[in-house]
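Scroll down for the structure; my scribbles are underneath it.
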Amino acid sequence: MALVDMSDLLRHAHCERYAVGAYDVVDTAFLEAVLDGAEGCDAPVIVSLAESHFDHFDFECFMPAVVDAARRARVPVTIHLDHGHSLTTVERAIRFGCNSVMVDASLSSLEDNITATREVVRLARGCGVTVEGELGYVPGVEGEDAEKHPGAMQMTSLADAERYIAETHVDCLAVSIGTVHGRLRGAPRLDFERLSALSDALHIPLVIHGGTGLSDDQYAMLAANGVAKINYFTGLADAAARSIVAEAESKDSPAYTALIHGVRGAVRAEVERTCRLFGAAGRAGAASAACRRWREVEHVVVYNLRDGGQNVDWSAFAAQGVEAIGAIPGVRNVLAGRALRTDAPYLYCWLIRFASPEVVASYRDHPDHVGYADKVFRPTAPDRVTIDFELVDVSGEEKESSLSTQPPTSSGTKR
Ligand code: 13P
């Protein structure tokens, strides 16, 4: 179906009382398995990239594959930065294709968490990107034994959460109600009373981290009490590891490709199993109809240089532009071009890819753009045409999926 707007997807899940699985991917086998698993049960899905995993893969190299696979998926997909620790990571994640970001300042004081989150929300709003905040602390490390990293759990306080939401305006909130990241022994005791009170008071989709290891009933109770997104990684990592170990034990000297052969199927099965438990299976069509499609914009500028370009070193001029505007939040790519034919009506161009239509305004007003455009570009290129093109999928799939351009408005009731 498509890459879709995350806040629309979470709003749909929240209204309809199911949770979308957010699965951290660490390589292309996980990426394909997550999408296969979601497609296998017709569930919308969130492909998640955790900053804590960036040591295991080259984020910039991996992201084009993530974006391409998400666009080709037969279910609605969003791409999310999980546990981003700085504004720089958030900017980079948006540049490389995430349309949702999580700011994790949950170990900071409430004041500092609010300050850090507000900065991220300001940046993300200018890019049309959804923001998840976190309040309270969920201990542990994804993919490892939870008891080795106990930390100190801090449950989310209702009073703090009300203030945090009012002052940050995040789109969804990760809350701590008893889960931990990582491999558990037995199911944890969850504070559903606290969850229900948070849900009733905050009226926004809630998120649960440390999704591995809960009971089937607990997953259903989370979705019934306002949780629209469940983060899940350790269960996938363990399924992959079990498959590799079984293969290693079954042969004397297995080849690498034989060792990893079963990983995709094992991860896929776990994704499908959990999508069903979260209540997301069979929701792809309805979610798709309720979500705006994620559209990038091509900001195209064709121009001629003043005085036919005499006294202008175009290469240096273009390089200066790439540097000045390439780092503006929401700019995904900047290409400078020169016409092949010298009799073309315009001899030069910029092709600037924006993450979303919202970037048209935030880019125009950004001080780096204003400074470059007013002082350098416009005086040097007075003859120019600028057009913003919305990038449209003309493959025919868009019509079939009957996606609306409006966000959902319905409000749901508890099951
Ligand atoms: P688990 O690894 O415990 O499933 O938690 C995943 C998570 O919360 C990612 O943010």
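From the alpha carbon gyration tensor of the stretch 22-93, can you work out the equivalent ellipsoid semi-axes (sqrt of 5 times each eigenvalue) and give them in Å, largest to smallest?
21, 12, 11
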Checklist outcome for this item: In cubic angstrom per residue, the convex hull of the stretch 335-389 built on its Cα atoms measures 96 Å³
Checklist outcome for this item: Counting only residues 5 or more apart in sequence or on a different chain, those whose built amide H sits under 5 Å from that of residue 175 are 207, 209
Next on the checklist: Using the crude model of +1 on Lys and Arg Cβ and -1 on Asp and Glu Cβ, and no other charge, please compute the dipole size for the chain relative to its Cα centre, in debye to 20.
Outcome noted: 760 debye
Item to check | Cα-Cα separations in the stretch 279-346 greater than 14 Å, expressed as whole percent | outcome: 73 percent
Checklist entry - What ratio of Cα Rg to 2.2 N^0.38 Å holds for the stretch 228-385? => result 1.71
Checklist entry - Residue-wise, which Karplus ³J(HN,Hα) couplings in Hz belong to the stretch 318-334, taking 6.51 cos²θ - 1.76 cosθ + 1.60, θ = phi - 60°, and x for glycine or proline? => result 5, 4, 4, x, 4, 5, 5, 9, x, 9, 6, x, x, 7, 8, 6, 10
Item to check | Taking N as its residue count, the alpha carbon Rg of the stretch 129-264 over 2.2 N^0.38 Å | outcome: 1.26
Checklist entry - Hey, in the GNM for the chain with a 10 angstrom Cα cutoff, which one of 227, 138, 245 fluctuates hardest? => result 245
Item to check | Rotationally averaged projected area of the stretch 175-227 (alpha carbon convex hull; nm²) | outcome: 3.2 nm²
Next on the checklist: For a quick check: with amide H placed at 1.01 Å from N, whose amide H comes under 5 Å from residue 332's, ignoring anything fewer than 5 positions away on the same chain?
Outcome noted: 353, 354, 355
Checklist entry - What share of Cα pairs, in percent, lie more than 38 angstrom apart in the chain? => result 26 percent
Checklist entry - With the dipole of the chain worked out from charges on the C-beta (+1 for Lys and Arg, -1 for Asp and Glu) around the Cα centre, which of 239, 263, 123 lies farthest toward the positive end? => result 123
Next on the checklist: Counting other beta carbons within 10 Å of each residue's own, what order do 386, 257 fall into, fewest first?
Outcome noted: 257, 386
Checklist outcome for this item: The equivalent-ellipsoid semi-axes of the stretch 233-298, taken as the square roots of five times the Cα gyration tensor eigenvalues and listed largest first in whole Å, are 35, 16, 8
Next on the checklist: I'd like the Kirkwood hydrodynamic radius of the stretch 1-153, using the inverse of the mean 1/r over distinct C-alpha pairs, in Å.
Outcome noted: 16.1 Å
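Readers should treat all values here as calculations from the given coordinates under stated rules, not as data from a laboratory. Please read these numbers as outputs of a predicted model, since none were measured by experiment. We place every Cβ from the backbone using ideal geometry, glycine too, and count neighbours over all the protein chains shown.
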